[in-house]
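Visitor: My structure is below; once you've seen it, I'll send some questions.
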Amino acid sequence: MGFTDADIEQAEYERIGAHVAQLEGAGVCCHLSAVGYMPEPFYAAQVGLLPGEVRCTDGCGATFASEDAWQDAVSEAVYS
């Protein structure tokens, strides 16, 4: 029996998950959870955000200027 594309993809997801767990175990925030601006904040982490800003809720509380900037930070943390 050979490997299917799904097997290869699943193995990659597992590799990334193990890497993220290792980083988080070492105290690195991977920014995998965040909230964005809302005129009437629903979550406490949204208080003080300006339109377009995103705040990490994964642990560090960093504020990013845009969703793209947040996604860049995720990529840098996880894939570098």
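The values are calculated or read from the model by the stated rules, or taken from the named source; none is laboratory data. Keep in mind it's a predicted model, so treat the numbers as computed, not measured. Cβ: placed from backbone, ideal geometry, glycine included. Neighbour counts: every protein chain shown.
Visitor: Considering each of Arg15, Arg55 in turn, give the residue that is of a type in the set (Lys, Arg) and in a strand (DSSP E or B).
Guide: Only one candidate passes the filter, namely Arg55.
Visitor: Could you figure out which of (1) assigned to a loop (DSSP other than H, G, I, E, B); (2) under 15 Å from the mean Cα position of the chain (by Cα) isn't true of Gly48?
Guide: Failed condition: (2).
Visitor: Let me ask something else. When you go through Leu23, Leu32 one by one, which is the residue that is part of a helix (DSSP H, G or I), touching a helix residue (DSSP H, G or I) at 6+ places or on another chain (Cβ under 9 Å), surrounded by 13 or more Cβ atoms within 10 Å (Cβ to Cβ) and not acidic (Asp, Glu)?
Guide: Leu23
Visitor: Starting from segment 50-74, keep only residues that are within 21 Å of Val20 (Cα to Cα), then list their pairs with residues that are basic (Lys, Arg) whose Cβ atoms are within a distance under 9 Å, requiring at least 6 positions of separation or different chains.
Guide: Between residues of segment 50-74 that are within 21 Å of Val20 (Cα to Cα) and residues that are basic (Lys, Arg), the close pairs are Gly61/Arg55; Ala62/Arg55; Thr63/Arg55; Phe64/Arg55; Trp70/Arg55.
Visitor: For the subset of segment 35-60 comprising residues that are surrounded by 12 or more Cβ atoms within 10 Å (Cβ to Cβ) and on the phi > 0 side of the Ramachandran plot, which member is modelled with the lowest pLDDT?
Guide: Gly59
Visitor: Name the single residue, out of those in segment 61-80 being of a type in the set (Gly, Ala, Ser) and surrounded by fewer than 17 Cβ atoms within 10 Å (Cβ to Cβ), that is modelled with the lowest pLDDT.
Guide: Among residues in segment 61-80 that are of a type in the set (Gly, Ala, Ser) and surrounded by fewer than 17 Cβ atoms within 10 Å (Cβ to Cβ), the one modelled with the lowest pLDDT is Ser80.
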